[in-house]
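FYI, it's all coordinate maths here, none of it is from the lab. From a predicted model like this one, the values you see are computed outputs, not experimental measurements. So basically every Cβ, Gly included, is an ideal-geometry build from the backbone, and we count neighbours across all protein chains shown.
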Amino acid sequence: MTKDDLPMTIQVMKQSIRQRIIAEREQLTAAERACLSHAISERIANLNAYRTANTVLAYMSFGAEFSTEKWVQQALCDDKCLLLPKVNRATKELDIYRVTNLQHDLAPGQWGIREPLAERCARMDTLKEVDFILLPGVAFGRNGARLGYGGGFYDKLLARIKAANQSCRPALIAGAFAIQLVEGIPQEATDHKVEWVVTENETIQCVSDMHIGR
């Protein structure tokens, strides 16, 4: 195997894991996902990093993902400053907006994911105030490795946040079903690890390459 072959091999490995985990996740019934999502949401809400956070960056789930709806609503009820992403098709990156009302501030965007309405929400050009981030993903490792959907949107976003927060960096948390825990997720230089992986059964503290000082 040559050096040029390695990146393609990693991509093939990642895609294989994606297909397997997405298929397993979609086998869960709606009732099972709702029950597991409730347990995950409660665990995340009990994290000290969440309780002490002022500004949280989250996402609206879609498909068979861990449902973030109730947790995001809880963040608003807890008087957190809630930020949500919107896909910028021109830049192929995520723009971040402050959301205060889930019913009125959101609408289906790319891939059918509910996103902030630019005309109703304030765009956040600086992300220095973010101190808690809930990240989506297909699979996660106990070492904090994260496997996304392959678009690189969140790795680009985390790189921007990392550059903006040199002194104090936000806690990185992933909520996932236990079936999404995978050993040996291949990682590349642009991949970012999470600090915590929270499943319906356990709260796993990982080693994060982005989180310092907590």
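Worth pointing out:
- Exposed loop sites, defined as chymotrypsin sites (Phe, Trp or Tyr not before Pro) outside DSSP H, G, I, E and B with at most 16 other Cβ atoms within 10 Å, are absent from the longest region of the chain, namely 63-148.
- Potential lengthening of the chain between residue 160 and residue 201 amounts to 11.5 nm, from the contour at 0.36 nm per residue minus the alpha-carbon distance.
- The mean sequence distance of close C-alpha pairs (under 8 Å, at least 6 residues apart), as a share of the length of region 5-205, puts its relative contact order at 23 percent.
- Summarising the strand pairing of the chain, around 55 percent of its internal DSSP beta bridges are antiparallel.
- Estimated from helices alone, the mean residue ellipticity of the chain at 222 nm is -9500 deg cm²/dmol (sum of -39500 (n - 2.57) over DSSP H runs with n ≥ 4, per residue).
- Reachable lysines, given that their alpha-carbon falls under 20 Å from the alpha-carbon of residue 193 and they are not under 8 places away in the same chain: 14, 128, 156, 162
- Proximal charge balance of residue 139 [Cβ under 11 Å; K/R count +1, D/E count -1]: +3
- When the alpha carbon coordinates of region 119-160 are projected onto the principal axes, the ranges are 36, 21, 17 Å, largest first.
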